[in-house]
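Below you will find the structure I want to go over with you.
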Amino acid sequence: MTMMNLEAMAKFRAMYRQNISPNYSGGLHMLSVLLVGLSVIAFSLSQLAGASFFEWIVFPLTMLVVNFAEYYAHRWLGHKKTRYGKLFYSRHTGDHHSFFLEHAMDYQAVRDWRVVLFPVYLIFAFIIGLIFPVGYLLSEAVSMNVAFIFSAAAISGYLLYETMHFSYHIPRGHWVEKLFIIIPGWNALRHLHVLHHKRDKMGEANFNITLPIFDFLLGSLFWQDPDILNAELESGL
């Protein structure tokens, strides 16, 4: 990592933190997202009435669709300038990828969560703009069970994204990180995200955050041995 990149990142972090509202609370931000998401899941599951096996198949299928949506939005909106996605591009490539580089992936304070988590309003947009209309169509075309299973799965996919992405930016050695480390495959997933934050790879590889299903299928999966990456960072490449 060059000294220029280090200095640019330090300056950007200082500027970004200075512009965070004094009223911002990282804990409240996270709690709000979790409360809304878990409430939707709990309500949806409570409405099920004797759901069949075939109705439950909607759950993994919806999670797969959300995984693709995660990939699509990240690759073609988060890293490419488009007229309708310019706000997301600015927040993601402009802010998130300037704040975190492959050698500095850890947040340093709770207020840094603002640049890690999606804005709170986005989960409401997700519910109103996607879950409500698609759920209604499914209730009319298939069954109420399918509509509610879809709702629970879609918001589960949203929360899984938020949780996994947040976990990749937890400071090394933090007690919360130790909880994630015991999850099989988590270290590899975190490393994929570290590689995505390399300046020469962020627009090319590792766009899935949860499971790299579509990175694999669409040829954008990139792996580099951690020892090689560490050697690059130590040599200043």
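The values are calculated or read from the model by the stated rules, or taken from the named source; none is laboratory data. Just so you know, these numbers come straight off a predicted model, no measurement behind them. Because the Cβ atoms are built from the backbone with ideal geometry, glycine has one as well, and the counts that use them run over all protein chains shown.
Of all the residues that make up region 145-170, how many are closer than 13 Å to Val40 by Cα and under 19 Å from the mean Cα position of the chain (by Cα)?
Adding up the residues that qualify gives 9.
If you go through region 220-233 one residue at a time, do you hit one that is exposed (fewer than 11 other Cβ atoms within 10 Å of the Cβ) and of a type in the set (A, V, I, L, M)?
Yes; the residues of region 220-233 include at least one that is exposed (fewer than 11 other Cβ atoms within 10 Å of the Cβ) and of a type in the set (A, V, I, L, M).
Taking region 11-33, which residues are in contact (Cβ under 8 Å) with a residue 24 or more places away in the chain and either closer than 19 Å to His96 by Cβ or touching a Pro at 6+ places or on another chain (Cβ under 9 Å) (or both)?
Selection gives Phe12, Arg13, Tyr16, Arg17, Ile20, Tyr24, Gly26, His29, Met30, Val33.
Hand me the list of helices (runs of 4 or more DSSP H) wholly inside region 1-100 holding 3 or more residues that are within 30 Å of Ala153 (Cβ to Cβ), of a type outside the set (Gly, Ala, Ser) and within 20 Å of the chain's Cα centre (by Cα). Let's see the steps before the verdict.
Working: elements: 3-18, 26-46, 53-56, 58-76, 86-89.
In region 1-100, 26-46, 58-76, 86-89 are the helices (runs of 4 or more DSSP H) which contain 3 or more residues that are within 30 Å of Ala153 (Cβ to Cβ), of a type outside the set (Gly, Ala, Ser) and within 20 Å of the chain's Cα centre (by Cα).
OK, next. Name the residue that is farthest from Arg17 (Cα to Cα), counting only residues in region 119-140 that are surrounded by 18 or more Cβ atoms within 10 Å (Cβ to Cβ) and not β-branched (Val, Ile, Thr).
First, pick out the residues of region 119-140 that are surrounded by 18 or more Cβ atoms within 10 Å (Cβ to Cβ): 123, 126-127, 131, 135, 138.
Pick out the ones that are also not β-branched (Val, Ile, Thr) and you get 126, 135, 138.
Numbers: Phe126: 27, Gly135: 39, Leu138: 44 Å.
The extreme case among them is Leu138.
Report yes if some residue within region 106-123 is in a helix (DSSP H, G or I) and either of a type in the set (Gly, Ala, Ser) or at pLDDT below 95 (or both); otherwise report no.
No: zero hits.
Out of all the residues in region 180-234, which are of a type in the set (Ser, Thr, Tyr) and either under 15 Å from His165 (Cβ atoms) or outside any loop (DSSP other than H, G, I, E, B) (or both)?
Selection gives Thr210 alone.
Quick check: anything in region 127-144 over 17 Å from Ala73 (Cβ atoms), in a helix (DSSP H, G or I) and under 19 Å from the mean Cα position of the chain (by Cα)?
Among the residues of region 127-144, not one is over 17 Å from Ala73 (Cβ atoms), in a helix (DSSP H, G or I) and under 19 Å from the mean Cα position of the chain (by Cα), which makes the answer no.
Also, I was wondering about something else. I'd like the full set of residues that are aromatic (Phe, Trp, Tyr) and surrounded by 14 or more Cβ atoms within 10 Å (Cβ to Cβ), limited to region 1-45.
Answer for region 1-45, where residues must be aromatic (Phe, Trp, Tyr) and surrounded by 14 or more Cβ atoms within 10 Å (Cβ to Cβ): Phe12, Tyr16.
Please find, among Tyr168, Tyr161, the residue that is touching a Lys or Arg at 6+ places or on another chain (Cβ under 9 Å), hydroxyl-bearing (Ser, Thr, Tyr) and under 25 Å from Val36 (Cα atoms).
Tyr168 is the lone residue from the list that is touching a Lys or Arg at 6+ places or on another chain (Cβ under 9 Å), hydroxyl-bearing (Ser, Thr, Tyr) and under 25 Å from Val36 (Cα atoms).
Look through region 181-204, keep the residues that are hydrophobic (A, V, I, L, M, F, W, C) and touching a helix residue (DSSP H, G or I) at 6+ places or on another chain (Cβ under 6 Å), and return whichever of them is surrounded by the fewest Cβ atoms within 10 Å (Cβ to Cβ).
Trp186
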